[in-house]
Amino acid sequence: MSDSIITANDLGNGLVVFLKADGGWSQRLADARVVGPDALPEAVAYGKAQHDARIVVEPYDIEVTVENGVPVPVRLRERIRAAGPTVAYGEAEIAERAALSKAG
């Protein structure tokens with residue numbers, strides 16, 4: 001088995017978060033606590049307790065490699081989740097659509 005991190009979505013805003021070494025959550029992948037196979041069950045249990053406490057939604061572990069001290073998800077899906085959406089959304093998208101509708 002390899003190294004893993006715990007990921008979830010923040011209950012308050014829905015954004016992807018990663019479990020940190022201090023037990024908190026961060027939107028930055030570089031802040032994620034990397035755990036080996038022996039520590040994984042405890043980390044998963046902590047994530048589930050955070051779910052039960054309504055701090056995060058659906059925590060789960062993902063396999064990572066560590067490159068230059070930063071965890072890098074092995075699976076493409078998780079690399080995309082960590083990097084953010086592949087399409088524009090939110091305020092920037094609304095402003096862009098508004099500008100296009102005024103131009104046309």
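The values are calculated or read from the model by the stated rules, or taken from the named source; none is laboratory data. From a predicted model like this one, the values you see are computed outputs, not experimental measurements. Here the Cβ positions follow ideal geometry from the backbone for every residue, glycine too, while neighbour counts run over all protein chains shown. For the accessible areas, the whole protein counts, side chains as well, though only heavy atoms, and no ligand, DNA or RNA atoms are used. Shrake-Rupley method; radii C 1.70, N 1.55, O 1.52, S 1.80 Å.
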D61 vs. criteria closer than 12 Å to A8 by Cα and open to solvent by 60 Å² or more (accessible area, probe 1.4 Å): yes
Extreme residue, nearest to A83 (Cα to Cα), among residues of region 28-44 that are at pLDDT 95 or above and not in a helix (DSSP H, G or I): A32
Residue check, A82 in contact (Cβ under 8 Å) with a residue 24 or more places away in the chain and open to solvent by less than 70 Å² (accessible area, probe 1.4 Å): yes
Enumeration of residues in region 35-44 that are surrounded by 11 or more Cβ atoms within 10 Å (Cβ to Cβ) and either in contact (Cβ under 8 Å) with a residue 24 or more places away in the chain or closer than 18 Å to D22 by Cβ (or both): V35, G36, A39, L40, A43, V44
Filtered residue count, region 12-31, keeping only those that are buried (at least 17 other Cβ atoms within 10 Å of the Cβ), in contact with a helix residue (DSSP H, G or I) (Cβ under 9 Å, 6 or more places away or on another chain) and of a type in the set (A, V, I, L, M): 3
Qualifying positions in region 50-87 - over 16 Å from A21 (Cα atoms) and assigned to a helix (DSSP H, G or I): H51, D52, L76, R77, E78, R79, I80, R81, A82, A83
Residue match in region 46-56 (condition: open to solvent by less than 60 Å² (accessible area, probe 1.4 Å), farther than 18 Å from S2 by Cα and charged (D, E, K, R)): no
Residue in region 77-88 that is at pLDDT 95 or above and touching a helix residue (DSSP H, G or I) at 6+ places or on another chain (Cβ under 8 Å) present: no
Residue identified as in contact (Cβ under 8 Å) with a residue 24 or more places away in the chain and outside any strand (DSSP E or B) among G23, G47, G12: G47
Residue pairs meeting the criteria (Cβ under 7 Å; at least 6 apart or on separate chains; first of a type outside the set (F, W, Y), in region 91-104; second modelled with pLDDT under 70 and surrounded by 10 or more Cβ atoms within 10 Å (Cβ to Cβ)): E96/A88
